Amino acid sequence: FKNRIAHNHYFSEELLLVEILSAATMLFLIMDPLGNLPIYMSVLKTIDPKRRRIVIIRELLFALIILMVFLHSGQALLDFLKIEQETVSIAGGIILFIIAIKMIFPKPGGIMSLPSGEEPFIVPLAVPMIAGPSTMAALILLANQEPNKMTQWSIALFAAWLVSAIILTMSNTFHRLLGEKGLNAMERLMGMILVMIAIQMLLNGIGAYFQHQLS
């Protein structure tokens, strides 16, 4: 009998670990740090190299705080403000589309049109690059489906964020390897891809809105 209890306990812990790993993998793929890397490099290219890592860590911490708050009270906040999830998706798509256009047709100061050396704050590095509408929607889905597993979801979110943070803090290394011309070429290429992602996000939001209205 004791052996059966021990076996069940071990199986329960193993299942718990699989759930956390599965949720963390999903969130990591949605955050897409590898896809966001060129955008981070583009936004930060006018910042002093010694300062870039500090700015990245600061923005990543902002993103983590926003996502944790959204995981635990996102749906309640949207309900209070009477904002549908589709609205979050549409708004995120519009922001990404504007950023993508600025990446394809860059101006002095980078995609945020900031004076040389001036740092971005929260937008776009924290929101919507890491704490984007897709990640927020996924967190709301996890919280709504199994609200009794908030500790597991919090661990999964932190794990996904940590791996993303490690990748993004390596942007200085990629900047040195690619050089200015390589960075400019990648910026335009990622701008084209980001346009498609932004339009898809908009279409998803609009489609979900009309589906919600018709149902």
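The values are calculated or read from the model by the stated rules, or taken from the named source; none is laboratory data. Computed from a predicted model, the values in this text were never measured in an experiment. Using ideal geometry, Cβ is built from the backbone for each residue, glycine included, and neighbour counts are taken over all protein chains shown. Only protein heavy atoms, including side chains, enter the accessible area calculation; ligands, DNA and RNA are left aside. Shrake-Rupley method; radii C 1.70, N 1.55, O 1.52, S 1.80 Å.
On the accessible surface of the stretch 153-204, probed at 1.4 Å, how many percent belong to carbon and sulfur atoms?
Values: 2210 of 2810 Å².
The C+S portion of the solvent-accessible surface of the stretch 153-204 is 78 percent.
On a 0 to 90° scale, report how tilted helix 133-145 is relative to the longest principal axis of the chain, with both axes built from alpha carbons and the result rounded to the nearest 10.
Helix 133-145 and the main axis of the chain meet at about 10 degrees.
Does the stretch 75-215 come out rounded, prolate or oblate by the C-alpha gyration tensor, with a ≥ b ≥ c the root eigenvalues, rounded set by a/c under 1.5 and, if not, prolate when a/b is larger than b/c and oblate if not?
oblate
On a 0 to 90° scale, report how tilted helix 150-168 is relative to the longest principal axis of the chain, with both axes built from alpha carbons and the result rounded to the nearest 10.
Once rounded, the angle reads 30 degrees.
Looking at the chain, how many pairs of lysines come closer than 27 Å at the Cα, when each pair is eight or more places apart or spans two chains?
Qualifying lysine pairs in the chain: 10.
How large is the accessible surface per residue of the chain, computed with a 1.4 Å probe and reported in Å² as a whole number?
Working: 12160 Å² over 215 residues.
In whole numbers, the chain has 57 Å² accessible per residue.
Got a sec? What order do 52, 58, 188 fall in by accessible area at 1.4 Å, biggest, i.e. largest, first? Mind showing how you got there, number by number?
Details: 52 20, 58 65, 188 100 Å².
Ranked from most to least accessible, the order is 188, 58, 52.
When ranked by the protection proxy of mean other Cβ atoms within 10 Å per residue, highest first, what sequence do the peptides 192-198, 160-166 form?
On the way: 192-198: 16.0, 160-166: 18.9.
The densest-packed peptide leads the list: 160-166, 192-198.
In degrees between 0 and 90, to the nearest 10, how far off the longest principal axis of the chain does helix 2-31 point, with axes built from Cα atoms?
20 degrees
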